[in-house]
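Student: Below is a structure I'd like to ask you about.
The values are calculated or read from the model by the stated rules, or taken from the named source; none is laboratory data. Just so it is clear, the model here is predicted, and its values are computed rather than measured. For neighbour counting, all protein chains shown are included, and Cβ atoms are generated from backbone atoms with ideal geometry for every residue, glycine included. In case anyone asks, the SASA skips ligands and DNA or RNA and just uses the protein heavy atoms, side chains included. Shrake-Rupley method; radii C 1.70, N 1.55, O 1.52, S 1.80 Å.
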Amino acid sequence: MNSAFQLFCRLARKVRPHVPILLLALFSMAMVAIFTSAFALMVKPLMDDVLVQSPSATAYAVPAFINRALDLFRNSPIGHQGASLPVLMLLIIIFFFKCLFAYLATFFMVSVGQRVVLELRNELFSHLLEQSTAFFHRHQTGRLISRVTNDVEKIQMAVSEVVGDLIREGFTLIGLLCVIFFWDWKLSLIVIVFVPIAIYPLVNFGKKLRSGSVRSQEKLADISHLLSETITGHRIVKAFTMEDFEREKFQMATDRLFRVNLRITRLVALSSPVMEMLGAVAGSLVIFYGYHQIRSGAMSVGQFTSFLASLIMLYAPLKRISRVNATIQQALAAASRVFEMLDTHMEIPESPDAIELGRTAGSVRFDSVCFSYDHHPVLRYVDLEVKRGEVLAIVGLSGAGKSTLVNLLPRFYDVTDGAVLIDSIDIRKVTLRSLRSQIGIVTQETILFNDTVANNVAYGLKNMNRAAIEAAALAAHAHEFIASLQRGYDTMLGEKGQTLSAGQRQRLAIARVILKDPPILILDEATSALDTESELMVQRALANVIANRTTLVIAHRLSTVRRADKIVVLAEGEIKEWGTHEELLNRNGIYSKLYDLQFSDAEVAVFPERGQRIRRSRA
């Protein structure tokens, strides 16, 4: 985990492009401190010249710039109206400029913070997009969402508000310290002795707050994950009547967050009373000392009141700094998690000298391909070639490595050993963008976005005209149902296209691939979740998309792969059989057994006599 200093340095580098605005903010904060200190100094003339009107008070000078400002008013027509008006007018002017610069300081500082966080959030999202499929398998969706939303939000508070408060209050603290030293440096030194005593609990609280903040943000990420999981799977929750279970699980997660946050609240709540107690002790000693100074004539009432007012005003910056510290510790914990994510490098590296892959002929070869996931072998020395325009079907039991094999082609994963080649070019030597532009994918789980039908079909393609989109939809047998929608191609689909049936969503996905027009196509169980009617429509659409393309088909339903040019059977990560449908049936091997399981046994269960005839005809 990065140290606090390293985290500050990394955040500071994010601020560097916005230094001009930051300098304006710092200048405005310095002016706020100056006018706050000027108000503290004005307490003396306010007391001695206006309220008490002590004849001996003039012997006790205020700083020269205050006297010159007062002289300007005394020599003006206002000055002839009485001694109090110049003091009161100067007080109004001081407050006006203090408020003006306070507004400017807040505006500029928040502007810097929001710009920094805008760039940081965009950088984090862009970084997530570049991660491999394995990365998303290892990280919960809720935790990733929490990084981009909750954690970055805490950094925004720290950079735009808290750091601004820290700098402004720091300047004010320095200005007020100058005021109390101006009036009585001996007493000021005595007061300063209490500063280390006040700082120690702040530092101690800070360490505990940071560790508590890490735990709090982890618990909040757990809640985000539960929300994402439950909302996405709401139909399964309802179908299995698991509302009470999910409710209890969520309540347990929120309870864990509550307990962690309660400990943090206890620390934050304790910091202010500790500061107040220390302030009360210091204030009592100062009043005791001031009483004797006034009695002895060493100070006027105005001087001591100004000193005491400055000392009381010191409490507010110290109190805010104590609260700032708590928020900064939480922000540092969030920054640690964000930078940890940014430091997670892409698992699919692109070669520095990678070349652009032009439009390929579409021949694919797996050359002694091995792949392991977390040191667990998934594929072992797979040798396979698919010629241009061929349809290759990959079958096997669940866990055989079918999806992993085809995921190596667009480099969702990288081979552990061996090579994958397109037109005899190792795919690791070409850019990822040019490689993936050659491949179209239709999966069992159709991904549609909360956008119009037209934009979903044209996803990833720029400046596509409506005629091309409609032609792709026609080829995918989707135009008819699209035209029946309320706004046709301009209809918003909603989240994941849930307003459409599974078959309609699948045909939109096929239309998307047809419009992309890739030379290589991957069909990953594209019809396994459909009913018979929908499957027939999708099969017709697939016939159009497969034409003249090199196609790799993964299917559990062996009825969908009978017409493939070649069928390979994967088992335990190895190719055990290959050939045409008829050749594999006649071999009476793994494929034949899979076929019997799907057709003969299924029909025996429903029609025993028909099943017996099928078995006799196969014998």
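Student: Filter the stretch 120-168 down to residues that are assigned to a helix (DSSP H, G or I) and among the acidic types (D, E) and give me whichever is nearest to E350 (Cα to Cα).
Tutor: Among those that are assigned to a helix (DSSP H, G or I) and among the acidic types (D, E), it is E123.
Student: If a residue counts only when it is closer than 25 Å to H581 by Cα and open to solvent by 10 Å² or more (accessible area, probe 1.4 Å), which strands (runs of 3 or more DSSP E) contained entirely in the stretch 351-426 have at least 3 such residues?
Tutor: 364-373, 376-386
Student: Where in the stretch 1-115 are there helices (runs of 4 or more DSSP H), lying wholly inside it, with at least 2 residues that are farther than 22 Å from M313 by Cβ and at pLDDT 75 or above?
Tutor: Counting at least 2 such residues, we get 4-15, 19-45.
Student: Can you say whether I567 is at pLDDT below 85, of a type in the set (A, V, I, L, M, F, W, C) and in contact with a Phe, Trp or Tyr (Cβ under 8 Å, 6 or more places away or on another chain), as far as the supplied structure shows?
Tutor: No.
Student: Confirm whether A529 is at pLDDT 70 or above, part of a loop (DSSP other than H, G, I, E, B) and not β-branched (V, I, T).
Tutor: So A529 fails the test.
Student: Looking at the stretch 219-255, which of its residues are among the β-branched types (V, I, T) and either at pLDDT 75 or above or over 22 Å from the mean Cα position of the chain (by Cα) (or both)?
Tutor: Hits for the stretch 219-255 are I223, T230, I236, V237, T241, T254.
Student: Which residues, counting only those in the stretch 427-470, are more than 14 Å from D490 (Cα to Cα), open to solvent by less than 60 Å² (accessible area, probe 1.4 Å) and assigned to a strand (DSSP E or B)?
Tutor: Across the stretch 427-470, the qualifying residues are V430, I439, G440, V442, T443.
Student: To continue, here is another question. Considering only residues of the stretch 471-482 that are out of contact with any His (no Cβ under 7 Å at 6 or more places or on another chain) and within 14 Å of K516 (Cα to Cα), which is surrounded by the fewest Cβ atoms within 10 Å (Cβ to Cβ)?
Tutor: Ranking the qualifying residues of the stretch 471-482, first place goes to A471.
Student: Hey, any hits in the stretch 483-493 for a residue that's touching a Lys or Arg at 6+ places or on another chain (Cβ under 9 Å), open to solvent by 20 Å² or more (accessible area, probe 1.4 Å) and at pLDDT 85 or above?
Tutor: no
Student: Does the stretch 330-350 hold any residues that are more than 10 Å from K154 (Cβ to Cβ), surrounded by 16 or more Cβ atoms within 10 Å (Cβ to Cβ) and at pLDDT below 80, and which are they?
Tutor: I348
Student: Out of all the residues in the stretch 509-524, which are more than 32 Å from the chain's Cα centre (by Cα) and of a type in the set (D, E)?
Tutor: The answer is D517, and nothing else.
Student: Here is a further query. So, in the stretch 550-592, how many residues would count as being buried (at least 16 other Cβ atoms within 10 Å of the Cβ), of a type outside the set (A, V, I, L, M, F, W, C) and part of a strand (DSSP E or B)?
Tutor: 5
Student: OK, next. Any residue in the stretch 289-310 that is within 19 Å of L189 (Cβ to Cβ) sitting within a Cβ distance under 7 Å of a residue that is of a type in the set (S, T, Y) and not in a helix (DSSP H, G or I)? List the pairs, counting only those 6 or more apart or interchain.
Tutor: Here the result reads Q303/Y60, each pair linking the stretch 289-310 to a residue that is of a type in the set (S, T, Y) and not in a helix (DSSP H, G or I).
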